[in-house]
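Since the structure comes first, as structure tokens, the remarks are kept for the end.
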Amino acid sequence: MYRLFVLFFLCAAITGHAQVKLEEIVKPGTKLIYTVKAYGDTYDFIVTVKDLKGSSFDWEMTNSSKMHGTIHHTDKALQNGFKMFNYFQTEERTLDDVTLSVWLSQKIIKALIKGDAIKICMNSPTAEPATMKQFMDGEYAIKVDGNGYKMYDKWVKPAKKVKDKWIIDPTSDDNFTYYNSATLPIILRMHTDFELALREVKTK
């Protein structure tokens, strides 16, 4: 009886914390709800997916500013962009050919999956890009339509090469994680001068 109870408990735990595959559930109209912590404030950054290429999305923030808008990406940026856009204003905006928001370019995702180091600009678009590299796997809890799941992601951090070995650059604590899929290469968590984490997915 004890063994049966333990087996039931383990099966229930696994079922309650199954892995979610975002590429199977994210469709046009899906909402990606991120928690943002910035300057002593905590609020939601809500991304409404408009197409699966990542060419555009609507967004809104639930803080006191109540900002909202639309971001458009160019085809060139989706292929080769290396800068992250984090400075939102209420507007409809098309980013330039090297800048993306929420999404990662195919060039970056392919390099990270291969284990290569690559230049990425996380902060001001005028800042010098940092050499970054994937170093470890991550895991955290997420909700999909109110149900709990596990999310697995990949940690990317500034890197430097010492002799013939890549190590984490101790001079910067910037980092981000991404969803390991070339078809949906989105940022899941980020730490720079603010913190961001995908908390919930609401399907249409």
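Values quoted throughout were computed directly from the atomic coordinates according to the rules given, and no laboratory measurement underlies them. This one's a predicted model, so the numbers in the text were calculated from it and none came from an experiment.
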Cross-link reach from LYS21 to lysines, straight Cα distance under 23 Å and at least 8 residues apart if same chain, gives LYS31, LYS50, LYS53, LYS107, LYS110, LYS114, LYS143, LYS150, LYS154, LYS202, LYS204
Treating only the Cα positions of the chain as identical point scatterers, give the base-10 log of I(q)/I(0) from the Debye formula at each q in 0.15, 0.19 Å⁻¹. -0.96, -1.48
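Contact order normalised by length for the stretch 115-187, with contacts defined as Cα pairs under 8 Å and 6 or more residues apart; what percent is it? Walk me through the numbers before you get to the answer.
Working: 121 pairs, mean separation 16.5, N = 73.
Averaging sequence separation for qualifying contacts and normalising by length gives 23 percent for the stretch 115-187.
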If you plug each phi of the stretch 169-186 into the Karplus form 6.51 cos²θ - 1.76 cosθ + 1.60 with θ = phi - 60°, what whole-Hz ³J(HN,Hα) values come out, in order, with x for Gly and Pro? 6, x, 7, 9, 9, 4, 6, 8, 10, 9, 7, 7, 8, 5, 8, 9, x, 9
Gyration tensor on Cα atoms of the stretch 15-124, a ≥ b ≥ c root eigenvalues, a/c under 1.5 rounded, else prolate if a/b beats b/c, else oblate, says rounded
If you find the alpha carbon centre of the stretch 150-175 and of the stretch 49-87, how far apart are they in angstrom? 25
Under a 5 Å amide H to amide H cut-off, with H placed in plane at 1.01 Å, what residues pair with PHE85 once short-range neighbours are removed? LEU100, SER101, VAL102
